Structure formats: C-alpha cells, structure tokens
Amino acid sequence: MIRMLSTKKLKVNQKQFLLNAGFSVIEADFIQISDKDFTFANSNDNLIFTSGNAVKAVSNHREVQEIRRKPSFCVGEKTADLLDEHGFTVQEIADNAAELAHDIVSHYSSESFTFFSGNQRLDELPNQLKNAGIVFNEIEVYETKLTPQPTKGNFDGILFFSPSGVESYLSANTITNETCFCIGNTTAKALEQVTNKIVIANRPSVENTIIQAINHYKNPNAT
C-alpha cells in the first residue's frame with residue numbers, strides 16, 4: 001500500500017480520492033492562517049489576489065462591500081471560484097504570479113492596483129509591477145505561522161501546497177527517498193535543494209496535486 005503524507009488537512013472528498021486509489025493517508029497542518037487587522041482606505045481601482053487565504057480574509061472584513069465591485073485579478077481557478085462565490089468580479093486569471101504580473105504589465109499598464117497579500121508572500125509579482133512602473137500598493141491581510149511537527153514512520157510520497165509548508169516540514173523532518181508532489185512551481189522550488197524527486201501539478205489546485213500523486217503510482221505514463 002502506498003503511504004502518503006499531506007502537509008495540510010484535506011477535505012473529505014479530497015482525501016477520498018487517495019483512499020479510493022488504495023493509498024493510506026496521514027494528514028497534518030504544517031502551517032496556520034490567521035486574518036490580520038486592515039482597512040480598505042487606500043485601495044486602488046483593481047484588486048489582486050494570489051491565494052484563497054487572501055480572498056477569505058478580505059471577504060470576512062466588515063467593510064468588504066466598499067471594494068467588492070472592483071475588478072479582481074487572481075492566480076488559480078480555485079481562487080477565481082472563491083472570488084466568484086463571494087460576489088467579486090474576476091477580470092483576469094493566471095496560473096501563477098509571474099504570469100499574472102506579465103498580463104497586467106502587458107494589458108493594464110495604465111490602471112492602478114491593490115495587492116492583498118500574506119506575510120510570507122513572494123517578491124515576484126510586486127517586483128515585476130514596480131519595475132514596470134505600475135501604480136500599485138499592498139495590504140497585508142493574513143498571517144502564515146509555521147507549525148512544524150515531527151512525523152513518524154516512512155512515506156512513499158508527500159503532498160506540499162505552499163513554500164511555507166515546505167519550510168515548516170523541513171524544520172522538523174528530512175526528505176530521503178519520498179516523492180514530493182507540489183501544487184506549483186514556487187512550492188517545488190523550495191524543495192530543489194533537498195530532493196530531485198518532485199512532481200508538479202498541471203494546474204495549481206489541491207485536487208490536481210492529488211491526481212498527480214495517484215497517476216505517479218497507478219499510471220506512471222500520465223505524469
């Protein structure tokens with residue numbers, strides 16, 4: 001039986017994919033997310049979201065109605081679905097932050113933007129916008145806290161969903177022969193110094209990461 005570790009607790013249907021494929025699954029949250037205090041006082045005409053955590057933090061704000069009608073630019077279909085669910089208007093969707101920055105620079109250079117971020121966000125998107133002279137500001141809306149914990153036993157594969165999750169896991173554990181399944185390129189990059197056994201999801205979603213893991217073991221030619 002394939003033993004899989006998920007570095008975040010999965011939804012029931014997500015875990016069921018693995019169980020139905022005959023895997024055994026251990027889950028643990030290696031990071032914790034908490035909303036921060038912030039205001040929309042300085043928000044610009046367009047909104048940028050690179051994670052579902054930012055969407056949730058903004059949507060939970062008591063004054064969210066002030067910005068809900070502004071066009072939203074986001075990373076990932078899941079983030080777009082969440083924005084739509086909370087009544088935002090999605091203008092552009094990209095697979096990663098670099099691609100989103102490129103789209104903004106190429107097609108919306110005269111517009112102004114507000115980037116809703118977390119404390120562990122990467123520099124790629126804001127740096128590209130700054131270098132291109134795009135008018136933007138940043139509002140930090142959530143905080144990522146590492147919650148490392150040692151794991152027991154051996155695993156065939158590990159599911160990683162963020163660079164912070166990788167950092168947290170590696171602070172208490174080592175990677176030996178496990179195959180690492182990553183939600184995206186930035187998560188994979190955080191592992192490159194410790195392993196070359198990395199499989200990256202075709203689309204940045206938990207479900208696709210799981211599918212890649214199943215295909216890797218059940219249908220190797222599909223990965």
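Where a number appears in this text, it was derived from the coordinates with a stated rule and is not lab data. Note that the coordinates shown come from a computational prediction; the quantities given were computed from them, not determined experimentally. Every residue, glycine as well, gets a Cβ built from its backbone with ideal geometry; the counts of neighbours run over all protein chains shown.
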Leading residue by the ranking (farthest from L82 (Cα to Cα)) among those in the stretch 22-43 that are out of contact with any Asp or Glu (no Cβ under 8 Å at 6 or more places or on another chain) and crowded, with 18+ Cβ neighbours inside 10 Å:
F23
Among the residues of the stretch 196-205, are any under 17 Å from T79 (Cβ atoms), basic (K, R) and either touching a Phe, Trp or Tyr at 6+ places or on another chain (Cβ under 7 Å) or assigned to a loop (DSSP other than H, G, I, E, B) (or both)?
yes
Of all residues in the stretch 1-60, how many are assigned to a strand (DSSP E or B) and either acidic (D, E) or in contact with a Cys (Cβ under 6 Å, 6 or more places away or on another chain) (or both)?
3
Within the stretch 66-90, track down each residue that is part of a strand (DSSP E or B) and buried (at least 19 other Cβ atoms within 10 Å of the Cβ).
S72, F73, C74, V75
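Among residues belonging to the stretch 111-124 that are among the hydrophobic types (A, V, I, L, M, F, W, C) and within 14 Å of the chain's Cα centre (by Cα), point out the one that is farthest from L47 (Cα to Cα). Spell out the reasoning first.
As a first pass, look at the stretch 111-124 and keep what is among the hydrophobic types (A, V, I, L, M, F, W, C): 113, 115-116, 122.
Those still in the list that are within 14 Å of the chain's Cα centre (by Cα) too: 116, 122.
Numbers: F116: 7, L122: 17 Å.
Per the stated criteria, the residue is L122.
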Within the stretch 160-190, how many residues are in contact with an Asp or Glu (Cβ under 9 Å, 6 or more places away or on another chain) and part of a strand (DSSP E or B)?
1
For the subset of the stretch 108-140 comprising residues that are assigned to a strand (DSSP E or B) and aromatic (F, W, Y), which member is farthest from F73 (Cα to Cα)?
F136
Tell me, which residue of the stretch 1-21 that is surrounded by fewer than 19 Cβ atoms within 10 Å (Cβ to Cβ) and among the polar types (S, T, N, Q) is farthest from the chain's Cα centre (by Cα)?
N20
